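The values are calculated or read from the model by the stated rules, or taken from the named source; none is laboratory data. The structure displayed is predicted, hence computed values, not measured ones. Cβ: placed from backbone, ideal geometry, glycine included. Neighbour counts: every protein chain shown. Note: accessible area is taken over every heavy atom of the protein model, side chains too, but ligands, DNA and RNA are not part of it. Shrake-Rupley method; radii C 1.70, N 1.55, O 1.52, S 1.80 Å.
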Amino acid sequence: MPGLVGFAGGNDWNNCSAILAAMQEAITHRSFYVMDQLFAHNRFWATRSRSSQQQPEPQPLQGNSCFLWFDGELYNRQDCPIAPDGRRAGSEVTSDTQWLLAAYEYHRQTDQPWRFLHPLDGQFHAVLYDSRSRQVHLISDRYGVRPLHWTIWQNTLVWVSEIKALLALPGYQPKLNRETIEDFLGIRYPLGDRSWFEGVERLSSATVLTWDEDTSTLQTHRYWCWESVSIYEKLPDRREIVEELGRLFIAAVERRCHPGERLGIPLSGGLDSRSLLAATVNTTNNPLTTVTYGQVNCDDVTIAPQVAHMANVAHHWIEMNSQNWLARRITYLWEMDSPASIIHLQFSSLMTWVSKNRLFDIVFHGDCAGRFDGRQFFPPEDFDKYLCRQLNLDGFARSQEHHQAVRDRAHAYFQSLGSSCYKLGLDSRTRSFISKDWRMGTIEGINVRIPWMDNQLQEYWYALYSTGEDLSGLYYLMLLNRFPKLFKELPWQKIGKPISEVVVPLSWQGNLINLQRKIWSKVELKLNRSKSASKSSNSSENSNILREFTDYNGWLRQQPAHSLITRLLNAPDALYPEFCDRQITLQDWENHQNGQDLCDRIGTIFTLELWMQQLFNGRYRNGIDQPIEAVF
């Protein structure tokens, strides 16, 4: 994916210009990417590769002996003070890079030089070189979703948007991080700032990492933390919460809509994407398209067109099946550093379609909406249950030793977050797992925006969460209150009914919140069992009726996946046995073929082997462009 690369140092390296050019080439995956000129100043080297949608002015932006590279976008700079006295930017500041560089100049000699970053809302990372102080600053956004990796190699600070760019460094031989791989095989994504490579880290969220060229030393500054949020001592009236949540959500969508942009929403049969559609059609006249991906007759494909029709927007369906789900994902694994199992790269179907049709330039993603369902929260003492059951470490662990190693690391990581499930959701699952969708969009030149990650929304909900009160149902009540047209009568694919039929009315709440939780859980359980029974009882006479939007369980047993997995796992030169017992893996594969549903276990090891072959042997970087039989 496009982004930033560079290094500060390299005193013993020959031809630094060629090294930087090779790093830039490594993150340039499409012909429409624009490659900025290579920049050098003393022993500082930097450049950028970008798509046409991202910060079109050439970089670096220079001012007062400072040089700035910026990847991403800001959503609220016009509302943020640019100077210590509180004044905002004038009309002469017309871009995100201009704002950031001007704000740095205003603050650099104050006792809080990074204070200007505190209120910024956006998805970005930046590199700022101050030649006066001979310091390099790597900067991440508040939530750190946009990855920037860094390492110290041969007494040189190196930064890359994709870790594969490190292969261009002289003498660099990557060594895989065993802990990262254990986490990936155990819970499907790594925890914390660790990357796939030993000695390479992702830049932490809300962080400025400073490298001093004269002393070759690092300093880290955390410019924002959750503890700075003012929390409620007592939960406000629930009617007030529903009203304020709706107001903040609509404002978040408005901040992410700009005149002239063509918007797209991946629309499922669920609530989160529907909430984005409802808010968007009420706040902008921009061209808007919805797209659903899934197999024939699944709930999403059935419900989403009804929602789009009710909202009066154009709608498209992308069919997923055993023949078309796999191939494009293999290329994406290489292009985005394999952040997730190939089983969970369904967003690739949308991105492949978008890259051909180009009906929109901006995607609104529904990630983080689920955290506004209070039932997602759990007390610290239930973390082990969350880890072993919801993340399914019990089902994924390959051995007792593997289980214990991941469990111990996860508990230590959870404690480092103050044992807060709220922080855990954003710092781990969103940053490490859900970010896969953002990465695929960026590769295809599409800006993926996540309104539910809006700063004001997140701070408000965190302040409510911190009271310890039950917030269940308030998200659904907000949807019904603000957008009744799309939620009162249209079904939710998860339960097969509109949420208006199962959510406890606001007038009944108060002392009945606990009852609501119990009723909701029982209704969900009953309806899901009813759907499963319906599928079983009707399978013989209505075999074309499917519910889930994919059938990975079956697709892995069919071509082309079956032959590729079989050959990869059985290959004498397979690389995965260094991290996972071959016999256990082959037994899993046999059991899956014989009817067990082990697609997630198979998916992680299949993904790991594919990516290691791409990394070390150069195979599959361009997908499967030859018959399966000829691969080995």
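Per-structure values
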| quantity | calculated |
| --- | --- |
| Positive-end residue, region 19-151 charge dipole about Cα centroid, Cβ charges, pick of G63, F44, Q123 | F44 |
| Three-way shape call for region 144-212 based on the alpha-carbon gyration tensor, with the a/c threshold at 1.5 | oblate |
| Inter-site label distance for Q583 and L235 at 7 Å from Cα along Cβ, in nm | 5.3 |
| By average C-beta atoms within 10 angstrom, highest first, the peptides 451-464, 26-39 | 451-464, 26-39 |
| The chain - accessible surface per residue (Å², probe 1.4 Å) | 40 |
| Option label - percent of Cα pairs over 35 Å apart computed here, alternatives (1) 46; (2) 42; (3) 61 | (2) |
| Relative contact order (percent, whole number), the chain, Cα cutoff 8 Å, 6+ residue spacing | 15 |
| Only Lys, Arg (+1) and Asp, Glu (-1) charged, at Cβ; region 80-224 dipole about Cα centre in debye | 180 |
| Farthest positive-ward along the chain dipole, Cα basis, beta-carbon charges - from L101, F549, I443 | F549 |
| For region 543-600 and region 213-240, distance of Cα centres in Å | 43 |
| Whole-percent carbon and sulfur share, accessible surface of the chain, 1.4 Å | 46 |
| Net charge dipole size for the chain [Lys, Arg +1 and Asp, Glu -1 on Cβ; Debye, nearest 20] | 1100 |
| Cα convex hull volume per residue for region 16-141 (Å³) | 108 |
| Whole-angstrom gap from region 367-388 to region 25-70, using each part's C-alpha centre | 40 |
| Scattering curve values for region 422-461, log₁₀ I(q)/I(0), Debye with Cα scatterers, q = 0.23, 0.35 Å⁻¹ | -0.82, -1.10 |
| E590 paired with S52, simple spin-label distance in nm, labels 7 Å along Cα-to-beta-carbon | 5.4 |
| Pairwise centroid distance, computed over Cα atoms, of region 110-140 with region 433-458, Å | 22 |
| Nearest-20 debye value, region 150-222 charge dipole, Cβ charges on Lys, Arg, Asp, Glu | 280 |
| Region 262-312: C-alpha gyration tensor shape, a/c 1.5 cut-off, then a/b vs b/c | prolate |
